[in-house]
Amino acid sequence: MAEKTDNEPPSPSLSPSPRAPAQASSYYPPSQRQVHDSGVTFEEYHFYAQRTRDEQRLYESPQWQWRAVFSSRKKAADAIEEEQNQNHDGPSDGRIVTDEEWANASRAFRTASWGAVFYLITTDILGPFAVPYAIGTLGYGPGIGIFTAFGIVSCYSGYLIWKIFMGVDSHEFPARNYGDLAFRAWGTTARHVVNVLQAVALLLLLGQVTILFGQNISEMSKYRICYIVCPLIFVIVGFFLTQIRTLRSFGWIANFGFWLNILAIFISMGATAHNPPNYAIAILGSVGGSIDPASIMPDANGNYPPVITYAGLPTTDLIGSINGLLSGVLAYAGLQLFVEFMAEMRRPHDFLKGMFIAQAVIYTVYVVYGSFMYYYQGQYTFNPAYLGVSNYGWQTAGNTLTLLSGLIAAALYGNIGIKVFYNNVLVDIFKAPLITSKGGKIFYAAIVPIWWSIAFVIAAAIPAYVYFVSIISASCLLNLSYTIPPWLALGYDIRKHTMGTFDPAVGRTSRGPTGVGRYIRGFFSGGTFQVSINIWHALYFLASLALSGLGLYASIEGFIEAFKIPEVNSFTCRSPLNLGT
């Protein structure tokens, strides 16, 4: 027997901005809801999502970034967004927001094209400079196999995120981040878990690139600059780039960053083919250092062993191979940002086009670049690969290009990490002004240097860069990219196949029995094929969780070994790459 679910709305006074007064009914329309209102049913989210999708199918695709330079439409869009921001400053402006204005504000926020998404995804994910190290610790066969498998599964996880987004996002109830999907698939607790995991991951990623490119600057200066200043230079420049708040604006810079990465790849490949490995720093983070330290040690006459490559696993010790595998996880990590990308797209239907093309380019670059570099450098292959170039001139060229593209990627991590923290902690808990308001913009600008400083301090205190990457990958990135998508898809499908009806006129949702019984019924609903998909998602979830545990074990073991060797960290003037006196 169908039953009416509770749709108890919050008091309008608790909403983020004054909205239109309620009609002669106990139901509050979407414009009067809080941002994360547990009283909104799945049926209501799905109803408005389908209505939004029908509307968006009629839209013309936005112009690509370079075409938009000479178009008056971008200026018009900027003017509309500014007007919307001014009209939605919050309770202090005393203005009533109608349902139509509420939906229009969401429409004005969505301006990005699939071309912009292609560049954002490649900027977010494309990081081939750890791939040669990963292939080296695994061998050609297992290494390429692992990257192929991760590439396929990464595309599948991206598809799952897109599918859920399309089913729960709408102009009335926009899904702005990864946590919003968890909230609508599993509830409030799931949202908090995902948001915390994403914020921690982005903070650690920001710290990781800060230390990485601090070493980059140090090597470019031939260790003449006090090392602690090198990452600080990177951080200060990042302060200014992270002031860009919208991903539409980031699309322009991401375009530039993509081509910088491609140029750096070609330069490092050419330099590696015509120069010996950088033997001196191999002990600090090379393939041989992880799997067989004796293979990179010089003899009594100072001669280093010849380059060795392996077709299969180079060692029976799985610790080094697992850490290499985790570098592969980092190479495809970035799916946690896909919701933010889709949230700013004018036509989210086009997202798959941008994602599949981006992933195909990324996979091709990874396999070709990783195999090429490993072929020439073997056990001396360094992580990151461009630091393993021995010729200083070519090394500096690669360092400069990767430094610029790294700044863009770091600014993207900082931008979204701060947004997740701002919207889900400061706005929800401490009632900070909305980020689109004037006060919110000032608040955001003030948080940027604090966020970057915390990231730097965390990363700078850890001396073993390779194992720091492994910890990030195993604890956060692997779960965000491979564990959470099937879990969310399972919750989404269960709710969808036990969905009742929603009447938008009175806000009434009717469905069958709720509680645990609903989840059991939903798991086995939808026919044989759907039940098979549910079982596959459950197995996918458990396998990813097990790999995360295995990765954490390998990372911790690696850390134990690393801390046995006295090694400088970032709080010093001496660079960790400087092995001289």
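The values are calculated or read from the model by the stated rules, or taken from the named source; none is laboratory data. Worth saying up front: this structure is predicted, and the values here are computed from it rather than measured. As a convention, Cβ positions derive from the backbone with ideal geometry for all residues, glycine included, and neighbour counts pool all protein chains shown. These accessible areas exclude ligands, DNA and RNA; they are computed on the full protein's heavy atoms, side chains included. Shrake-Rupley method; radii C 1.70, N 1.55, O 1.52, S 1.80 Å.
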Take the residues of the stretch 276-291 that are buried (at least 17 other Cβ atoms within 10 Å of the Cβ) and assigned to a loop (DSSP other than H, G, I, E, B): which is modelled with the lowest pLDDT?
Gly285
Identity of the residue in the stretch 92-128, part of a helix (DSSP H, G or I), among the aliphatic types (A, V, I, L, M) and at pLDDT 70 or above, that ends up surrounded by the fewest Cβ atoms within 10 Å (Cβ to Cβ):
Ile125
Which of (1) buried (at least 16 other Cβ atoms within 10 Å of the Cβ); (2) at pLDDT below 90; (3) farther than 26 Å from Gly440 by Cβ; (4) of a type in the set (Val, Ile, Thr) does Val229 not meet, given it meets every other one?
(1)
Starting from residues that are open to solvent by less than 20 Å² (accessible area, probe 1.4 Å), aliphatic (A, V, I, L, M) and in contact with a Ser or Thr (Cβ under 9 Å, 6 or more places away or on another chain), keep the ones in the stretch 362-409 and report whichever is farthest from Val153 (Cα to Cα).
Val389
Going by the structure shown, is Ile308 in contact (Cβ under 8 Å) with a residue 60 or more places away in the chain and in a helix (DSSP H, G or I)?
no
Does Val131 meet the test of being within 24 Å of Val365 (Cα to Cα), open to solvent by 20 Å² or more (accessible area, probe 1.4 Å) and of a type in the set (A, V, I, L, M, F, W, C)?
no
Residue list for the stretch 502-516, restricted to those being open to solvent by 80 Å² or more (accessible area, probe 1.4 Å), outside any loop (DSSP other than H, G, I, E, B) and within 23 Å of Asn534 (Cα to Cα):
Val516
Just name the residue that is modelled with the highest pLDDT out of those in the stretch 163-175 that are charged (D, E, K, R) and crowded, with 22+ Cβ neighbours inside 10 Å.
Asp169
Quick one: how many residues across the stretch 134-150 are of a type in the set (A, V, I, L, M), surrounded by fewer than 24 Cβ atoms within 10 Å (Cβ to Cβ) and in contact (Cβ under 8 Å) with a residue 24 or more places away in the chain?
2
Here are some conditions: (1) closer than 18 Å to Leu404 by Cβ; (2) modelled with pLDDT of 85 or more; (3) surrounded by fewer than 24 Cβ atoms within 10 Å (Cβ to Cβ). Leu241 meets all but one. Which one does it not meet?
(2)
Does at least one position in the stretch 357-371 carry a residue that is touching a residue at least 40 places away in the same chain (Cβ under 8 Å), over 27 Å from Ala116 (Cα atoms), part of a helix (DSSP H, G or I) and in contact with a helix residue (DSSP H, G or I) (Cβ under 7 Å, 6 or more places away or on another chain)?
yes
Cβ-Cβ distance below 7 Å, separation of 6 or more or different chains: which pairs start in the stretch 219-232 with a residue that is over 18 Å from Val209 (Cβ atoms) and end on one that is in a loop (DSSP other than H, G, I, E, B) and not polar (S, T, N, Q)?
Cys226/Cys573
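Kindly indicate which of Arg191, Arg176, Arg224 is among the charged types (D, E, K, R) and under 18 Å from Tyr444 (Cβ atoms).
Arg176 is the lone residue from the list that is among the charged types (D, E, K, R) and under 18 Å from Tyr444 (Cβ atoms).
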Ser321, sole failed condition from (1) crowded, with 23+ Cβ neighbours inside 10 Å; (2) over 30 Å from Pro485 (Cα atoms); (3) of a type in the set (Ser, Thr, Tyr):
(2)
Go through the stretch 423-433 and give me each residue that's crowded, with 20+ Cβ neighbours inside 10 Å and more than 15 Å from Val200 (Cβ to Cβ).
Asn423, Pro433
Any residue at all in the stretch 476-484 that's closer than 23 Å to Gln50 by Cα, of a type in the set (Ser, Thr, Tyr) and part of a helix (DSSP H, G or I)?
no
Quick test for you: out of Val153, Val200, pick the one residue that is among the β-branched types (Val, Ile, Thr), within 17 Å of Ile121 (Cβ to Cβ), in contact (Cβ under 8 Å) with a residue 60 or more places away in the chain and open to solvent by 30 Å² or more (accessible area, probe 1.4 Å).
Val153
Identify, by number, the condition in (1) of a type in the set (Phe, Trp, Tyr); (2) surrounded by fewer than 23 Cβ atoms within 10 Å (Cβ to Cβ); (3) on the phi < 0 side of the Ramachandran plot that Tyr178 doesn't meet.
(2)
Residues of the stretch 128-162 being of a type in the set (Val, Ile, Thr), in contact with a Pro (Cβ under 8 Å, 6 or more places away or on another chain) and under 14 Å from Tyr332 (Cβ atoms), which ones?
Ile161
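With Ile291, Ile296 as the choices, which residue is hydrophobic (A, V, I, L, M, F, W, C) and touching a strand residue (DSSP E or B) at 6+ places or on another chain (Cβ under 8 Å)?
Sole residue among the options that is hydrophobic (A, V, I, L, M, F, W, C) and touching a strand residue (DSSP E or B) at 6+ places or on another chain (Cβ under 8 Å): Ile296.
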